[in-house]
Amino acid sequence: MSINFSSRRFDFLSWSDAENASRSKGSTVLWPFGAVEQHGTHLPLATDHLFAERISEEVLLRLADSLPIWSLPSQSIGFSPEHASFPGTLSLSASLLMQLVMEVGEQLSSLGIQRLVLFNAHGGQIGLLQAAARQLRMKCPSMAVLPCFLWSGVPSLKELIPSEERINGLHAGLAETSLMMSLAPELVGPDRHIDGDHFSGESVATPPMGWSLEGSAPCAWLTKDLSVSGVIGNNQDANTTLGEALRDALIRHWVYLLTNLMESDWPPVER
Ligand SMILES: [Zn+2]
């Protein structure tokens, strides 16, 4: 029986193809994670979810057909308590999301899948997915678990996004708005806000001296601490050209990392 590697959706395989696929050397599943949460008044609730899904699809299309990697349907609802005060935000509890990763992960491992990539586009659940990944690896040591964040470690972001916005534009700012203009312009509204403690004239809250929103000494902010509109950043200069450049940079970066992963023999043999 031959496996059709050109179909990258794991759930589009038949059970017998899924069984063969899982047993192939280096079999890998990519699971996109997003959120259904407010993104200001100009971007849809599905922003992070659409980013995880669309970018991972484009990345997988560019990988060699012979590589044994498939994607799961994306997990659209994530862990978003920081946005709970804005209507439309839907969030799972931390324990439920961890349990979801554990239960699905254990089943993939017992099927024979050798690597699971958690491809996440929501900054508020990076730590949670890292903890879930460690716990899953402990339980299923033969399966590698790689929790990654769409925007992390992409070298060319430095040239594309000004440093002020890169550090303090945490939500629905220049990068997210531009990327959405490239991926789904019909979902971008005209009602733009500049907001967040570094941007709005009437600052809502600022972390104590030496502490930061994210980074070295973070303070687990809630969006309502920092922003009235739901935006934390400045998206006034968002444009399609920048969106195309970001899309291209993200795709190139993740094609590179996934190719390296697929060509490696990670995880190490159990000792
Ligand atoms: Zn977002």
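Numbers at a glance
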{"quantity": "Residue in the range 84-112 that is nearest to ASP48 (Cα to Cα), counting only those that are of a type in the set (Val, Ile, Thr) and either out of contact with any Phe, Trp or Tyr (no Cβ under 8 Å at 6 or more places or on another chain) or at pLDDT below 95 (or both)", "calculated": "THR89"}
{"quantity": "Residue match in the range 51-61 (condition: in contact with a His (Cβ under 6 Å, 6 or more places away or on another chain), within 30 Å of ASP237 (Cβ to Cβ) and within 16 Å of the ligand (Cβ to nearest atom))", "calculated": "no"}
{"quantity": "Subset of the range 110-128 (residues that are of a type outside the set (A, V, I, L, M, F, W, C), buried (at least 21 other Cβ atoms within 10 Å of the Cβ) and more than 12 Å from the ligand (Cβ to nearest atom))", "calculated": "GLN114, ARG115"}
{"quantity": "Which numbered condition GLU186 fails, given (1) within 15 Å of PHE51 (Cα to Cα); (2) within 16 Å of the ligand (Cβ to nearest atom); (3) of a type in the set (D, E, K, R)", "calculated": "(2)"}
{"quantity": "All positions within the range 21-43 that are closer than 21 Å to MET102 by Cα and among the hydroxyl-bearing types (Ser, Thr, Tyr)", "calculated": "SER22, SER27, THR28"}
{"quantity": "Residue within the range 241-262 that is at pLDDT below 90 and over 21 Å from SER163 (Cα atoms) present", "calculated": "no"}
{"quantity": "First in the range 108-133 and under 11 Å from VAL29 (Cα atoms), second anywhere and within 16 Å of the ligand (Cβ to nearest atom) and in a loop (DSSP other than H, G, I, E, B), Cβ under 8 Å, 6 or more apart", "calculated": "PHE119/LEU150"}
{"quantity": "GLY105 farther than 24 Å from GLY189 by Cβ, in contact with an Asp or Glu (Cβ under 8 Å, 6 or more places away or on another chain) and either within 14 Å of the ligand (Cβ to nearest atom) or not aliphatic (A, V, I, L, M) (or both)", "calculated": "no"}
{"quantity": "Enumeration of residues in the range 28-43 that are aliphatic (A, V, I, L, M), near the ligand (Cβ under 10 Å from one of its atoms) and more than 29 Å from LEU111 (Cα to Cα)", "calculated": "LEU43"}
{"quantity": "Scope the range 52-67; condition of a type in the set (Asp, Glu) and at pLDDT below 95; matching residues", "calculated": "ASP65"}
{"quantity": "Residue identified as closer than 20 Å to LEU100 by Cβ, more than 13 Å from the ligand (Cβ to nearest atom) and in contact (Cβ under 8 Å) with a residue 12 or more places away in the chain among ALA18, ALA46", "calculated": "ALA18"}
{"quantity": "Any chance SER24 is hydroxyl-bearing (Ser, Thr, Tyr) and either within 16 Å of the chain's Cα centre (by Cα) or closer than 26 Å to GLY127 by Cα (or both)", "calculated": "no"}
{"quantity": "Long-range neighbours under 7 Å by Cβ, at least six apart or interchain, first residue under 23 Å from MET180 (Cα atoms) within the range 52-68, second at pLDDT below 95 and surrounded by 19 or more Cβ atoms within 10 Å (Cβ to Cβ)", "calculated": "LEU60/ARG8"}
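Conditions (1) of a type in the set (Asp, Glu); (2) free of Cβ contacts under 8 Å to residues at least 60 places away in the same chain; (3) surrounded by fewer than 16 Cβ atoms within 10 Å (Cβ to Cβ), marked per residue:
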residue: CYS219; (1), (2), (3): no, yes, yes
residue: ARG247; (1), (2), (3): no, no, no
residue: TRP254; (1), (2), (3): no, no, no
residue: ASN260; (1), (2), (3): no, yes, yes
residue: GLU270; (1), (2), (3): yes, no, yes
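The values are calculated or read from the model by the stated rules, or taken from the named source; none is laboratory data. In this text the structure is predicted, and so the values were computed from the model without any measurement. Neighbour counts are summed over all protein chains in view; Cβ atoms, including those assigned to glycine, are modelled from backbone coordinates with ideal geometry.
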